[in-house]
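Read the structure below first, then the notes.
The values are calculated or read from the model by the stated rules, or taken from the named source; none is laboratory data. None of the values given here were measured: they were computed from a predicted structure. Neighbour counts run over all protein chains shown; Cβ positions are idealised from the backbone, glycine included. When the accessible area is computed, the model is the full protein with side chains, heavy atoms only, and any ligands, DNA or RNA have been set aside. Shrake-Rupley method; radii C 1.70, N 1.55, O 1.52, S 1.80 Å.
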Amino acid sequence: QVQLVESGGGLVQPGGSLRLSCVASGSSFRLYAMGWYRQNPGKQRELVAVISSNGSINYVDSVKGRFTISSDNAKNTVYLQMNSLKPEDTASYYCNARLLARSYWGQGTQVTVSS
């Protein structure tokens, strides 16, 4: 069992930055693929970025060059650094841990980009 707790969301002006954090409890953090997803009401949850257990990273096209995912295995934490934020980045952001058939979600943190 893995518990995930996100933090770092908030209100930011267009062009600003935020860093989201996701702390995982439980064992074997380094074995999991860790991802950040986002969702707006009435829309499907979208994969934003993922870092696999071997360190490979993928981003959705809309955030490439602006967002950076990273992990600190010693702290059981995955980060999402978000720069040059746009209003269309507004969403609830969720952390996900996945290993084979097991998938765990955090409670989400709201990011609002508005002037």
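Which FRET efficiency, nearest 0.05, do Val5 and Ser115 yield, Cβ-Cβ r, R0 25 Å? Mind showing how you got there, number by number?
Details: r = 30 Å, r/R0 = 1.19.
Calculated value: 0.25.
Quick one: Kirkwood hydrodynamic radius for the range 1-62, alpha-carbon pairs, angstrom, one decimal?
Details: mean 1/r = 0.0735 Å⁻¹.
Computed over Cα pairs of the range 1-62, the Kirkwood hydrodynamic radius comes out at 13.6 Å.
Taking Cα centroids, how far is the range 9-35 from the range 45-80 in Å?
8
Tell me, what is the per residue accessible area of the chain in Å², probe radius 1.4 Å?
Roughly 53 Å² per residue, with all protein chains present.
For the chain, list log₁₀ I(q)/I(0) at each q in 0.10, 0.18 Å⁻¹, using the Debye formula over Cα point scatterers of equal strength and ignoring solvent, two decimals each.
Relative scattering, expressed as log10 I(q)/I(0), comes to -0.26, -0.85.
Within the range 31-85, what whole-number % of the accessible surface is contributed by carbon and sulfur, with the 1.4 Å probe and all protein chains included in the calculation? Present the calculation step by step, with values, prior to reporting the outcome.
Details: 1320 of 2890 Å².
The computed percentage sits at 46.
Going highest first, how would you order 10-17, 88-95, 28-35, 69-76 by mean Cβ packing within 10 Å? Could the numbers behind the result be given before it?
Working: 10-17: 12.8, 88-95: 19.6, 28-35: 18.0, 69-76: 14.8.
The packing order, highest mean first, is 88-95, 28-35, 69-76, 10-17.
Using Cα pairs under 8 angstrom and six or more residues apart, how large is the relative contact order of the chain, in percent? Before the final figure, lay out each step's value.
Numbers: 274 pairs, mean separation 42.4, N = 115.
That works out to 37 percent.
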